[in-house]
Amino acid sequence: MASPSQQQRPIRILFRSKDAVEVYTLPDTSPTAVATTTPSPATKGGTTLHRGKTTFHLLNPNGTCAYIHDANAGGLIRCGFDEPVGSNATPFLKDSGAIQLARCSPRGSYLLTWERPNSDKNNNNGNLKVWDAATGSFLRGFSCKKATLKTLQWTHDESLVFHLVTNEVHVYTNEFERVGKIRCQGVASFSMPSAMGSPPNNAVPDGNDCVNKYLLTAFVPGTKGKPARVDLLRYPDRTGRESSTVSGDKANVPSGPSLASKSLFNAEEAVVRWSPRADSALLITQTAVDATGESYYGSSHLFLLLENDPKRPGFGSAVSVPLPGEATKTSSVAGSTVPIVSADWITNPLINGPVPFGVISGRMPSLSSLHHGITAEPTFLFGRAHRNTMDVSPHGRFVVCGGYGNLAGGMDFWDRNKGKKIPRHVVLPPSNGDTKYVTIKEASDLSVTSSSPVVGHEWSPDSRTYLVSTTSPRMNVDNGVNIYRYDGSLVDQAELPWDNARYKPDKLLSAEYVPAPLPAKEESYYYYPDRPQSPPPRRFAELKGEAAKAALAKISSSQNGQSNNKAGGRGAPAAAAYVPPGARKAGGGGGGGSYVPPGARTGGAGRGGGSSLAERMRQEREGSAANVSGKVVTKRTGPVGASSVSAAALGDKSKSALRREKQRLAKEKAEREAAEAEERAREEEKAKMEANKADPKKRAKKINKTLKQIDDIKAKLADGVELNDDQKKKMASEEELRKELASLGL
């Protein structure tokens with residue numbers, strides 16, 4: 001945390017568009033500031049770091065600069081946030097125009113880049129290169145055919161470098177002097193935590209001294225006849241018996257066995273998420289095909305890897321995470337696995353007790369839950385909703401459960417410490433010259449829905465605001481960035497320093513917060529303080545029930561109106577719906593029996609038949625599914641497969657009469673199905689008789705084979721073997737088969 005004498009760095013957001021890379025400073029957006037002062041439009045504009053078409057960018061973990069790749073400018077350019085604009089127009093890395101991927105080390109001291117392999121035999125630098133992030137000088141090169149940066153990883157303190165090669169992981173110092181190897185036959189990937197971990201869990205005894213430990217996982221894909229495997233290792237003392245290290249004057253010192261190992265029979269891919277204390281990890285396995293046929297996206301499983309098993313001191317463990325019983329209720333196939341939608345840790349390692357983790361599981365609407373960090377048992381349920389993402393604030397206090405991507409963009413803001421949704425403090429649009437300040441606490445009214453599809457989403461470094469963005473090329477319409485406060489209230493566009501209209505329809509490529517400075521001392525974990533919810537000023541009045549719903553509807557209407565005005569221009573009329581020429585009349589519209597497209601029908605393009613999928617999902621969630629498509633949908637009251645019974649046909653029947661009506665329809669359906677089954681049996685018998693007449697020898701041969709099987713079944717029964725249903729059915733048909741064989745006359 002920054003000292004009182006030092007001024008805290010402001011919250012910044014980096015925008016990368018098709019025209020430029022810009023940085024904006026976020027003003028104070030707290031409800032208290034809005035309520036105590038009359039909000040005035042913020043000065044539009046930020047700092048332009050670079051102009052021109054760019055390929056990608058990355059931010060230094062310290063938040064001091066951005067690395068921007070511009071092929072036309074010669075490669076990777078370093079732009080400092082506190083440096084004069086344009087001071088670094090030349091490439092920061094030599095011959096970096098061909099770079100396609102780049103990443104910073106955990107503390108920002110090194111840069112790792114990847115480019116396509118070069119066919120030049122004189123080039124011995126390789127295509128996976130390590131650079132000094134301060135000077136831009138080249139340090140070391142490796143060869144890597146795959147387009148990935150995961151084959152080379154640093155420890156949290158950047159003292160060691162681990163490099164994946166065939167069947168081994170080589171260990172180097174920060175000066176790239178090899179000091180050990182981890183032997184693992186068939187290893188395809190490995191993972192290391194970027195956090196330091198909590199003392200005393202960051203050192204292992206080595207004689208009279210303590211040596212820093214570094215946990216890692218190694219994933220071995222399955223081969224024919226052998227399942228996949230994940231090993232939890234600890235360097236330097238528990239990396240497997242075939243591994244070795246260099247210790248002082250001793251070379252190739254053997255290592256002990258792995259901490260834990262887990263065989264995975266259904267795993268083609270593995271994703272590891274490390275605990276902020278770096279002493280445990282979540283393992284998410286995925287297969288491309290679901291054996292039960294329930295899911296198009298394959299099957300997934302979740303495991304918890306522990307460095308220290310409470311039941312076996314000195315050993316690790318790998319356990320399957322038990323999911324809440326409510327998560328399995330949506331499965332229609334017995335024995336099928338529950339899909340894991342998302343899983344991640346609470347980000348604060350300083351909380352008391354084990355660090356919990358969150359899981360979203362089950363089919364839509366999925367169930368969100370919190371789990372114990374050691375036993376993995378569920379401890380808290382957020383509830384069931386259309387959600388696929390769980391974002392935890394940097395301090396671990398606030399949690400957002402969101403439904404992004406192909407979902408409608410719903411969001412729930414929770415206070416994890418209190419186990420409740422956060423009350424929302426909002427300012428209603430002025431009415432009759434009066435501005436109202438209200439607080440909404442009802443849980444049913446606190447869900448938020450984004451007005452545009454969500455592509456990017458992220459908490460600010462101080463945990464006070466939440467960014468959602470719509471960017472290209474994922475979405476080529478309505479590009480822009482919205483900011484929500486930690487309670488879910490939307491910050492007015494007039495208070496923000498950027499204008500979303502500049503980036504519409506498809507000019508924004510990415511938007512993200514600039515990271516907070518890394519602490520100078522390891523014991524001070526956060527730069528910004530951990531702040532609880534701010535109490536509202538006294539002028540805020542609490543609303544409940546219908547009053548709260550009316551206030552939210554008023555806010556939504558005001559926000560939609562502002563969005564439409566910005567999209568269409570100030571004072572511009574709304575665009576008319578297209579009508580084909582053959583359907584037009586003298587007045588230019590449809591009618592009188594002529595064709596009218598869905599967007600021009602009653603209800604318009606907002607709530608009518610021309611609404612988007614997201615809009616229809618919102619209406620369904622609000623309980624108006626009957627009007628989703630612009631027409632009344634007759635509700636089915638009979639059993640599945642029977643003709644629907646409309647409300648008008650039922651009249652004012654009592655509940656018992658309705659129940660008898662359903663029973664009658666179900667009975668008629670069962671009788672109809674029984675008659676159809678009997679008719680099919682008669683037709684099959686008739687076809688069998690015709691086949692016997694056509695080729696009696698073939699039929700006799702088949703009957704004799706079946707009779708021999710029946711004799712074998714009788715022998716098993718005599719030996720005391722219990723028969724299954726098929727065997728019993730076959731024995732019961734013996735007399736009928738012998739009669740049929742006699743009738744053939746062979």
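Can you pull out the residues in region 297-308 that are assigned to a strand (DSSP E or B) and either in contact with a Leu (Cβ under 9 Å, 6 or more places away or on another chain) or among the aliphatic types (A, V, I, L, M) (or both)?
Keep residues of region 297-308 that are assigned to a strand (DSSP E or B), which gives 300-306.
Listed by number, the residues that qualify are H301, L302, F303, L304, L305, L306.
Taking region 700-732 as the region of interest, how many residues are within 17 Å of E685 (Cβ to Cβ) and touching a helix residue (DSSP H, G or I) at 6+ places or on another chain (Cβ under 8 Å)?
Pass one, region 700-732, residues within 17 Å of E685 (Cβ to Cβ): 702-703, 706, 729, 732.
Restricting the remaining residues to those that are touching a helix residue (DSSP H, G or I) at 6+ places or on another chain (Cβ under 8 Å) gives 703, 706.
Count: 2.
One line per residue, one yes/no per condition, for (1) at pLDDT 90 or above; (2) farther than 24 Å from P276 by Cα; (3) more than 22 Å from the chain's Cα centre (by Cα):
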| residue | (1), (2), (3) |
| --- | --- |
| Y404 | no, yes, no |
| N417 | no, no, yes |
| K420 | no, no, yes |
| N432 | no, yes, yes |
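Among the residues in region 447-466, are any open to solvent by less than 50 Å² (accessible area, probe 1.4 Å), at pLDDT below 80 and of a type in the set (A, V, I, L, M)?
Checking region 447-466: at least one residue is open to solvent by less than 50 Å² (accessible area, probe 1.4 Å), at pLDDT below 80 and of a type in the set (A, V, I, L, M).
It is to be established whether one or more residues within region 378-385 are modelled with pLDDT of 85 or more, under 21 Å from H301 (Cα atoms) and buried (at least 22 other Cβ atoms within 10 Å of the Cβ).
Going residue by residue through region 378-385, those that are modelled with pLDDT of 85 or more are 378-385.
Now narrow it down to the ones that are under 21 Å from H301 (Cα atoms): 378-385.
This time we only want the ones that are buried (at least 22 other Cβ atoms within 10 Å of the Cβ), so: none.
No, region 378-385 has no match at all.
Of all residues being open to solvent by 10 Å² or more (accessible area, probe 1.4 Å), hydrophobic (A, V, I, L, M, F, W, C) and at pLDDT below 85 in region 315-349, which is nearest to V400 (Cα to Cα)? Just the residue, please.
Ranking the candidates gives V338 first.
Considering only strands (runs of 3 or more DSSP E) fully contained in region 332-415, which possess at least 3 residues that are closer than 21 Å to L490 by Cβ? Even if it seems obvious, please write down each step before you answer.
On the way: elements: 340-345, 357-361, 366-371, 378-385, 389-392, 398-402, 410-415.
Output list reads 389-392, 398-402, 410-415.
Any idea which of R234, R273 is part of a strand (DSSP E or B), modelled with pLDDT of 85 or more, open to solvent by 10 Å² or more (accessible area, probe 1.4 Å) and farther than 24 Å from G358 by Cα? So that I can check it myself, show each step before the final result.
Numbers: R273 fails: farther than 24 Å from G358 by Cα.
R234 is the lone residue from the list that is part of a strand (DSSP E or B), modelled with pLDDT of 85 or more, open to solvent by 10 Å² or more (accessible area, probe 1.4 Å) and farther than 24 Å from G358 by Cα.
Would you tally the residues in region 358-373 being buried (at least 23 other Cβ atoms within 10 Å of the Cβ) and farther than 19 Å from F413 by Cβ?
3
Scan K686, K705, K714 and give me the residue that is open to solvent by less than 100 Å² (accessible area, probe 1.4 Å) and among the basic types (K, R). Working first, answer last.
Working: K686 fails: open to solvent by less than 100 Å² (accessible area, probe 1.4 Å); K705 fails: open to solvent by less than 100 Å² (accessible area, probe 1.4 Å).
Result: K714 is the single residue among K686, K705, K714 that is open to solvent by less than 100 Å² (accessible area, probe 1.4 Å) and among the basic types (K, R).
Just to verify a result, which residue in region 155-179, among those that are part of a strand (DSSP E or B) and open to solvent by less than 10 Å² (accessible area, probe 1.4 Å), is nearest to E268 (Cα to Cα)? Step through it out loud before you land on a result.
To start, the set of residues in region 155-179 that are part of a strand (DSSP E or B) comprises 160-165, 168-173, 178-179.
Filter again for open to solvent by less than 10 Å² (accessible area, probe 1.4 Å), leaving 161-162, 169, 171.
Numbers: V161: 27, F162: 23, V169: 21, V171: 26 Å.
Checked region 155-179; the qualifying residue nearest to E268 (Cα to Cα) is V169.
Could you grab me the full set of residues in region 122-173 that are hydroxyl-bearing (S, T, Y) and closer than 23 Å to I77 by Cβ?
Result: T135, S137.
The values are calculated or read from the model by the stated rules, or taken from the named source; none is laboratory data. This is a predicted model, so every value here is computed, not measured. Don't worry about glycine lacking a Cβ; one is built from the backbone with ideal geometry, like all the others, and counts go over all protein chains shown. SASA here: full protein model, heavy atoms, side chains in, ligands and nucleic acids out. Shrake-Rupley method; radii C 1.70, N 1.55, O 1.52, S 1.80 Å.
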